[in-house]
Amino acid sequence: KETFEGHQVLRIVPKDDVQLSLIKDLEDMIEFELDFWRGVTDAVTPVDIRVPFHSLQTVKIYLETQGIEYSTMIEDLQTMLDDEQEEMESAAR
Amino acid sequence: VTQPRNTDSYDYGRYHPINEIYDFQDMLVAENPNMVSKIVIGQSYEGRPLNVLKFSTGGTNRPAIWIDTGIHSREWVTQASGQWFAKKIVTDYGRDPTLTAILNKMDIFLEIVTNPDGYYYTHNNNRMWRKTRKPNPGSNCVGVDPNRNWDAGFGGPGASGRPCSETYHGPRANSESEVKSIVDFVKSHGNFKAFISIHSYSQMLLYPYGYTRTPVKDQAELHSLAKKAITDLASLYGTRYRYGSIISTIYQASGGTIDWTYNQGIKYSYTFELRDTGRYGFILPPSQIIPTAQETWLALMAIMDHTYKNPY
C-alpha cells in the first residue's frame, strides 16, 4: 500500500501571469513527482499541489526565490489518510 | 461488520469500499422492482462490471438524463454522493412533484462507480489514484485519465502524451473500456437529453468546451441554467460555486467527457466539481458527504427540471 508520510499539499496563489507560468514550469519538472490537485487556471485562483517529502525543500526554495506566496494546506497527508481509514473502520464496526 | 439490511439502514454518511457499493445497488434494485433496474454496460480493464442504475416509470426509450460519479477514482465524495442521489430518487418519486413529473416522462441513468478499478485501488493500494488501471505498453506507468480519453479534441493541448502524467490521454480515443462502454451505451440509446459528469474538488459548475475557445452554440442558455443551478445549490449551506465553460473557467482540457456528449447533440452537458475549497481537498471528511450531496441535488434538480421543461 502506497503511503504518504511527509507529503504536504501546498496552496499557491499566483499573483500574476508571470508567476502563473513559473508554477506551470513546475508541472514539467517530473523529477519532483508533483501531483496537481487543483491545476493552474488563472491568476488569483489557488493551485493545490501534493509535494512528496523528497521534493519539499527544493520546491519551497523555488517558490520562495521566485517570490511566489504559498501556504501549507495539509501538513502531513498520511496523518489525514490514517484518520480517514480509522473513521471508515470505526463506522463500519 | 453488520451488513445493512436495506437501503434505509445503509450509512450514506461514510465512504464505502466497492463491494458495499455493489451490494447497495443490488439492494436498491430489489427494493424497487417497478422503478430501478441495473444495466451492466461493460467491464473495466480488470473485469469489474460497469453498473448503471436505470430509474424508469415505464415507456420505451424515453428521453433520458445521465449522471455519473467517480470517473476520477480518488474523488470519493462523488461516488458517496451518487449513492445518496440513488436513494433520493426512489424516496422522492411520488412525494416531490418536480421529480415525479420528470420521472413520469423521462428516465434517469446513474453510474456511481465509473472507474471501479481505480476506486478499488484507492481503497487498497494508493488513496491518491485518479486514472484507470490499464498498463501502458512500453511504460512503467499505469493508467489513462478517463476524462481526457474521449473523442473530442482528443490528444490536443490540455492533455498529456506521457503515460506517467495524471492527465495522460491514452493511446487513442476510447482506448479505455470504462469510456468506450459509455460511448457505446449513449450511442445505442440515442435519446439522452442531459449528461452530467460529477468530479471533485473546487466547487465549480462547468459546461463545454474544454478543448477549444469556440463558444458552444447554446452558451447563453447553458450559462444561465448554470447560474440558476448554483444559486439553488448555495441556498442550502451557502456553498459558493464558480461557473462557466471549462476553458474559460479553469483551463484547456482536451478529450473531455462533456465535450464529446455535447458534440453528440446532448445539449445539457455539465461537469460538477464538488466540495471542497477548504483545507481537505480529496480527503473530504465523511461528515461533509451528506451536506455535499444535499446541496448538489438542488443543482441537479434545476438542470433536470429545465431539461424536462425544454424538450428538443
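The values are calculated or read from the model by the stated rules, or taken from the named source; none is laboratory data. The model shown is predicted, which means the values in this text are computed figures rather than measured ones. Cβ sites come from the backbone with ideal geometry, for glycine too, and all protein chains shown count toward neighbours.
In region B:143-167, the residues that are within 12 Å of chain A (Cβ to nearest Cβ) reach residues that are at pLDDT below 95 and in a loop (DSSP other than H, G, I, E, B) with C-beta atoms within less than 6 angstrom, at least six apart or across chains, in these pairs: B:G158/B:Q252. Say we look at region A:34-57 and pick out the residues that are in contact with a Pro (Cβ under 9 Å, 6 or more places away or on another chain) and within 9 Å of another protein chain (Cβ to nearest Cβ); which of these is farthest from B:I246 (Cα to Cα)? The qualifying residue farthest from B:I246 (Cα to Cα) is A:D35. When the residues of region B:110-126 are filtered to those that are free of Cβ contacts under 8 Å to residues at least 60 places away in the same chain and not aliphatic (A, V, I, L, M), which remaining residue is nearest to the other protein chains (Cβ to nearest Cβ)? Per the criteria, the residue is B:N126.
When each of A:M88, A:M29, A:M80 is tested for being within 13 Å of chain B (Cβ to nearest Cβ), within 19 Å of B:N126 (Cα to Cα) and within 15 Å of the chain's Cα centre (by Cα), the lone residue that passes is A:M80.
Looking across region B:233-262, the residues that are more than 14 Å from chain A (Cβ to nearest Cβ) and surrounded by fewer than 17 Cβ atoms within 10 Å (Cβ to Cβ) come down to B:A234, B:S235, B:L236, B:Y237, B:G238. For the residues B:Q288, B:Q203, the requirement of being within 13 Å of chain A (Cβ to nearest Cβ) and over 24 Å from A:D42 (Cβ atoms) singles out B:Q288.
Selection of region A:1-18 for residues being without any contact (Cβ under 8 Å) to a residue 24 or more places away in the chain and over 27 Å from B:Y119 (Cα atoms) yields only A:V18.
Within the option set B:S81, B:S56, being surrounded by 23 or more Cβ atoms within 10 Å (Cβ to Cβ) and either more than 25 Å from B:D184 (Cα to Cα) or in contact (Cβ under 8 Å) with a residue 12 or more places away in the chain (or both) holds for one residue only, B:S81.
Screening region A:1-20 for residues that are within 12 Å of chain B (Cβ to nearest Cβ) and of a type outside the set (D, E, K, R) and picking the one that is surrounded by the most Cβ atoms within 10 Å (Cβ to Cβ) gives A:V9. Against the test of being within 14 Å of chain A (Cβ to nearest Cβ), out of contact with any Lys or Arg (no Cβ under 9 Å at 6 or more places or on another chain), closer than 30 Å to B:Y280 by Cβ and among the aliphatic types (A, V, I, L, M), the options B:I71, B:I89, B:I21 yield a single qualifying residue, B:I21. Pairs only if they're at least six apart or on different chains, beta carbon under 8 angstrom, first in region A:19-39 and over 14 Å from A:Y62 (Cβ atoms) and free of Cβ contacts under 8 Å to residues at least 12 places away in the same chain, second of a type in the set (D, E, K, R) and buried (at least 18 other Cβ atoms within 10 Å of the Cβ); list them, first residue then second. Here the result reads A:R38/A:D48, each pair linking region A:19-39 to a residue that is of a type in the set (D, E, K, R) and buried (at least 18 other Cβ atoms within 10 Å of the Cβ).
Results for (1) at pLDDT 95 or above; (2) under 22 Å from B:H72 (Cα atoms), shown as yes or no for each residue.
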{"site": "B:L233", "(1), (2)": "yes, no"}
{"site": "B:G244", "(1), (2)": "yes, yes"}
{"site": "B:Q252", "(1), (2)": "no, yes"}
{"site": "B:G255", "(1), (2)": "yes, yes"}
{"site": "B:F272", "(1), (2)": "yes, yes"}
{"site": "B:R275", "(1), (2)": "yes, yes"}
{"site": "B:I303", "(1), (2)": "yes, no"}
